[in-house]
Amino acid sequence: MPASKDVVWDATQWAPLIDDRSFLSWLVKVPSEAEQLRARPVTFRQMNRLEELWKENERATVEDVDRPGVDEEPPGVLLRYEDAYQYQNIFGPLVKIEADFDRKLKESQTQNDLVVRWDQGLNTKKIAWMNLPRLESGEVKLAVGDELKLRYAGELAAHWEGVGHVIKVPNNLSDEVAIELRRNDGVPDWCTHNFSADFVWKSTSFDRMQTAMKTFAVDEQSVSGYIYHKLLGHEIEPVTLRTTMPKRFSAPGLPELNHSQVGAVKAVLQKPLSLIQGPPGTGKTVTSATIVYQLSKMNPGPVLVCAPSNVAVDQLTEKIHATGLKVVRLTAKSREAIESHISFLTLHDQVANNDTHIELQKLIQLKGDQGELSSSDERKYKALTRACEKEILNTADVICCTCVGVGDPRLSKLKFRTVLIDEATQAAEPECMIPLVFGCKQVVFVGDHLQLGPVIMNKKAARAGLSQSLFEPILAVSMLPSRVRVTVSSSWEIPKC
Ligand SMILES: Nc1ncnc2c1ncn2[C@@H]1O[C@H](COP(=O)(O)OP(=O)(O)OP(=O)(O)O)[C@@H](O)[C@H]1O
Ligand SMILES: [Mg+2]
């Protein structure tokens, strides 16, 4: 134990030394006279801005901070929009700023001098195992399913590059990352040193947000008139949907609801737009699953159930499955290999386990045995898979996926009249827009607006309002006393027990 721990320090005795800057020369090199002549005062604001600029341009200097155009803030989000075009004109540029920033961040994360250990998966695909030092230092974030490009720039083989996706990230057992390569041909698997990894940036989520906002603007059928006006902050008379209320509000297979949960369910079933908020652990997800059960029984067509994160979607999927409804969990193709407790509910597993398409079963078996199919069999396999997916999706009571996942082409032909979004306060507004533009007539947002909001990396976009969820504007408008009744059709709070 260092003795200094036991010393009672009297800070006031040190103050004169600090005032005299006695330690300064220990901490920083004293600038030469010539350097002192060049020195000029820089404000905190300039320092902050310069640090932001460095992320986009490493060579930026303090002069660049005050250059016209550089420091311009984009127009911020509003509480009320004239129409969906104005909405798109404000949110579109913010999503673009965030997308550009995200791309630059990903592209700046290349890692060189990697040592690779080669392996082969059960599916015969080659797997590269490695340590990524910048991952260990926390500079880089990586998730299973992320795409990486691996390059060989050494001397033992010709230059090679191949794309793969992450199948394992560091855990308690090992710090290694595993990348499964898409193609086996040409891989220099006898080489171990001199590899580099580039992060492949994907625009998918940003593109889907932009597409949803465009659909919202140009397609009159994208959402009901009521939801259109509510999302734009317009005043509109409350509406009650003409449906028959259930006799019992709890759902089979789920806990019996408490008083405030029943209140929440009752309050939202006949309202076209509702917010349910409650602190962590108050039963919002159980309540959501119950609402989905009731909405599914009360209305024709499938209910679309979303959340911003895969973990939240899986939790909800499991609970909805417990009610006995026919649930399909749609995952991104890149995440299909990830096992979870609800794997059997995923669309790809339901396709693989279907027993109605005998020919498809044979082809799946053949693909498993041989690793690949002849091109004509591959075509047949793809067509049969599509047909089977369509059948499963068309007969589902509930389809669950992330908000961004709703933009999957496999859902593009479907209509979703009824939508529930859990953890909606953790999604940026344009992200919540994606599930809504499939003809939504009734939506329930569930969340905790006191928890952290969505993660927005770019400070400009965050300052302009991209970091707020849909809850804020809807609640903010509803909190204006004269507007309470007309603007929010339903806002229910589940209190802490
Ligand atoms: N009415 C109830 N009766 C018994 N148990 C309940 C009831 N409602 C919720 N629970 C249980 O309480 C726990 C928390 O519920 P739930 O996950 O729905 O809360 P949450 O508000 O969604 O939490 P989070 O804030 O973490 O998302 C779960 O184990 C759930 O089964
Ligand atoms: Mg929850």
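The values are calculated or read from the model by the stated rules, or taken from the named source; none is laboratory data. What you are looking at is a predicted structure, and each value in this text was computed from that prediction instead of being measured. Cβ sites come from the backbone with ideal geometry, for glycine too, and all protein chains shown count toward neighbours. When the accessible area is computed, the model is the full protein with side chains, heavy atoms only, and any ligands, DNA or RNA have been set aside. Shrake-Rupley method; radii C 1.70, N 1.55, O 1.52, S 1.80 Å.
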With DNA, RNA and ligands ignored, accessible area of GLU378 (1.4 Å probe; Å², nearest 10): 40 Å²
Hand me the trypsin sites (Lys or Arg not before Pro) from the stretch 353-436 located in a DSSP loop with no more than 13 other Cβ atoms within 10 Å, in residue order please. LYS413, LYS415
Once phi is turned into ³J(HN,Hα) by the Karplus curve 6.51 cos²θ - 1.76 cosθ + 1.60 with θ = phi - 60°, what whole-Hz value does each residue of the stretch 370-379 show in order, with x for glycine and proline? 8, x, 8, 10, 5, 5, 6, 5, 4, 4
When the convex hull of the Cα atoms of the stretch 25-79 is projected onto a plane and the area is averaged over all directions, what value comes out in nm²? 6.2 nm²
Roughly how far apart, in whole Å, are the Cα centres of the stretch 41-76 and the stretch 99-129? 32 Å
Cα extents of the stretch 49-179 along the principal axes, largest first, in whole Å, come to 57, 38, 33
How long are the semi-axes of the ellipsoid equivalent to the stretch 161-244, from square roots of 5 times the Cα gyration tensor eigenvalues, in whole Å, largest first? 50, 17, 12
So what does GLU72 come to for accessible area, using a 1.4 Å probe and Å² rounded to 10? 130 Å²
Could you work out the relative contact order of the chain? I mean the mean sequence separation of Cα pairs under 8 Å and 6+ apart, divided by the number of residues, in percent. 18 percent
Determine the order of PHE416, PHE44 by accessible area, beginning with the largest, at a probe radius of 1.4 Å. PHE44, PHE416
Along the stretch 455-460, what does the Karplus equation 6.51 cos²θ - 1.76 cosθ + 1.60 (θ = phi - 60°) give for ³J(HN,Hα), rounded to whole Hz, x for Gly and Pro? 7, 10, 7, 7, 5, 4
Just from its helices, what would the mean residue ellipticity at 222 nm be for the chain, if runs of 4 or more DSSP H residues each count -39500 (n - 2.57) and the sum is divided by every residue, rounded to the nearest 500 deg cm²/dmol? -11000 deg cm²/dmol
When each of LYS284/LYS319; LYS271/LYS297; LYS149/LYS202; LYS149/LYS382 is checked by Cα-Cα distance, pairs over 18 Å: LYS149/LYS382
Quick note, the stretch 220-358: a/c under 1.5 would make it rounded; otherwise a/b > b/c is prolate and the rest oblate (a ≥ b ≥ c, C-alpha gyration tensor); here it is prolate
Sorting TRP14, TRP160 on solvent-accessible surface, 1.4 Å probe, most exposed first, gives TRP14, TRP160
Karplus 3J(HN,Hα) series, Hz, for the stretch 80-87 with 6.51 cos²θ - 1.76 cosθ + 1.60 (x for Gly, Pro): 9, 10, 4, 7, 5, 5, 5, 4
Taking Cα atoms only, Rg over Rh for the stretch 352-464 with Rh from the Kirkwood formula is 1.13
Scattering profile of the stretch 116-192 at q = 0.21, 0.23 Å⁻¹ [log10 I(q)/I(0), Debye over alpha-carbon scatterers]: -0.97, -1.13
Here the relative contact order (percent) of the stretch 116-192, from C-alpha pairs under 8 Å and at least 6 apart, is 33 percent
Which number do you get for Rg(Cα) / (2.2 N^0.38 Å) in the chain? 1.17
In what sequence, largest accessible area first, do ILE342, ILE456 appear using a 1.4 Å probe? ILE456, ILE342
Expressed as a whole number of Å, what is the distance separating the alpha-carbon centroids of the stretch 361-408 and the stretch 280-305? 27 Å
Per residue and in cubic angstrom, what volume does the convex hull of the Cα atoms of the stretch 230-282 have? 119 Å³
